[in-house]
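Structure record follows, encoded as structure tokens.
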Amino acid sequence: MRAVWSGAISFGLVNVPVKAYSAVEDHDISFHQVHDADGGRIRYQRTCEVCGKKVDYENIDKAYSEGDDTIIVSPEELKELPAAEDKEIEVLQFVPADQVDPIMFERSYFLEPEEKSPKSYLLLRQTLQDTDRIAVVKFSLRNKTRLGALRVRDKVLLLQGMLWADEVREVEFAGTRSRAKIGDKELELSAALVEQYASDFTPEEFEDEYQVELRELIDAKLEAGDTLDTDATEGKPASDSDEDDEADDAEVIDLMEALKSSLDRKAGGGKASSSATASSSKKAPAKKSSGSSSSSKKSTAKKSTTKKSSSTAKKSSGGSKKSSSSRKSA
């Protein structure tokens, strides 16, 4: 795991250096979009609505609009805010664990003790366990001041981000104000039904069936050869990588020959100029390189022909699926 934050927990005169790691990860399979006609990758560009030009990420600032007025805030101005670079988890309160409404909890982070002798870390952990309390804290992460809850999970201190009070909506639905009378028999039957489902919480018994079946679908398509060449979906010619590899090989040959010639010249006591040595060492590989280049062109031509025939086969089949023979030739 890679730490997403480092700093220290502080309460009173106690300072606990820690590193924060994301405690959760998304298990959903990630998709990207492609053109249904040819499988080409669909990408989104950042375009300026004034000049119509594509804008690089480093040239993008944040802006806030209020009515007819818009103000621009630069990254430099945001960094100057005092909370932006705060490296402290400040304890505000120690409260009973059951007083914090779970609706306020956000993403969780494991806290690792950073010092070699983590006595202050162990002390805080044991204190929270013995008092059955959580610490309400304030910290900064990714240029945003956050509220958090510090509690113990197994042997690790866990920091959970929390919503601010004004971020939780107050709602009241008409149905909740109904004065419908609930009879004793109905309550008895309802309690009996609950009892039938009553058990200890065992989260490992539950499975995301949609993701499991999706993974099975993907594996079946891979096994059946129902695939496209990834480089082709991004508009990259297949021959480019081959030519680059051959050019790299030629450079390695030139370098090796020059080194060997230099060693032989030094062992023989010759005093030929370095420029002559370099030019003579590059002559022989140059022929190899040209020969390699010509073979590369032939190879590229063959691959181009193969790709055309493969493309024709795809069109005639009426889809974007590859046949196993076209994959082998590619």
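General remarks:
- Under 5 Å, built H, 5+ apart or other chain: amide partners of I134: V95, A97
- Backbone phi angles across the stretch 168-175, fed through the Karplus curve with coefficients 6.51, -1.76 and 1.60 (θ = phi - 60°), yield HN-Hα couplings of 9, 6, 9, 10, 8, 9, 4, x Hz in residue order; Gly and Pro are listed as x.
- Pairs of Cα atoms nearer than 8 Å and 6+ residues apart set the relative contact order; for the stretch 134-246 it is 10 percent.
- Interchain or long-range residues, amide H under 5 Å from I9's placed H: V16, V18, I89
- Overall, the stretch 181-241 carries a charge dipole of about 280 debye about its Cα centre when +1 sits on the Cβ of Lys and Arg and -1 on the Cβ of Asp and Glu, all other atoms neutral.
- Expressed as a whole percent, the accessible area of the stretch 159-206 that falls on carbon and sulfur atoms is 54 (1.4 Å probe).
- Fully extended contour minus Cα-Cα distance, from A8 to R179, at 0.36 nm per residue: 56.3 nm
- Applying a DSSP loop filter and a limit of 11 other Cβ atoms within 10 Å to the chymotrypsin sites (Phe, Trp or Tyr not before Pro) in the stretch 24-103 leaves F31, Y44.
- Shape category assigned to the stretch 132-221 from the gyration tensor of Cα positions, a/c cut at 1.5: oblate
- 5 angstrom amide H check on L157, placed H, neighbours 5+ away: L111
- Candidates per chymotrypsin sites (Phe, Trp or Tyr not before Pro) in the stretch 193-228, loop by DSSP, up to 10 other Cβ within 10 Å: F201, F206
- Our coupling estimate for the stretch 117-133, obtained by passing each phi through the Karplus curve with A = 6.51, B = -1.76, C = 1.60 and θ = phi - 60°, is 10, x, 5, 5, 5, 5, 5, 5, 4, 5, 5, 5, 5, 5, 8, 6, 10 Hz, Gly and Pro reported as x.
- Among 132-138, 113-119, the order from most to least packed when residues are scored by Cβ within 10 Å on average: 132-138, 113-119
- Computed label-point distance, nm, for sites K138 and D101 using a 7 Å Cα→Cβ extension: 2.1
- Taking all protein chains together and a 1.4 Å probe, the residues D264, D61, D200 rank D200, D264, D61 from largest to smallest accessible area.
- The charge dipole of the stretch 6-87, taken about the Cα centre with unit charges on the Cβ atoms of Lys, Arg (+1) and Asp, Glu (-1), comes to about 360 debye, rounded to the nearest 20.
- Chain lengthening between F201 and R46 when straightened (0.36 nm per residue, less Cα-Cα): 51.2 nm
- Between K221 and D56, the distance separating the two model label sites (each 7 Å from Cα on the Cα→Cβ line) works out to 3.5 nm.
- Heavy-atom accessible area per residue - the stretch 101-198, 1.4 Å, Å²: 76
- Phi angles across the stretch 188-202 convert, under the Karplus curve 6.51 cos²θ - 1.76 cosθ + 1.60 with θ = phi - 60°, into 3J(HN,Hα) values of 5, 5, 5, 5, 5, 5, 4, 4, 5, 9, 5, 6, 6, 6, 10 Hz, Gly and Pro given as x.
- Restriction of the GluC sites (Glu not before Pro) in the stretch 41-79 to DSSP coil positions whose beta-carbon has at most 15 other beta-carbons within 10 angstrom yields E49.
- Net lengthening on full extension, E80/H35 (0.36 nm per residue, minus Cα-Cα): 11.8 nm
The values are calculated or read from the model by the stated rules, or taken from the named source; none is laboratory data. Keep in mind it's a predicted model, so treat the numbers as computed, not measured. No Cβ is skipped: glycine too gets one built from the backbone with ideal geometry, and neighbour counts run over all protein chains shown. Surface accessibility is based on the protein's heavy atoms, side chains included, excluding ligands, DNA and RNA. Shrake-Rupley method; radii C 1.70, N 1.55, O 1.52, S 1.80 Å.
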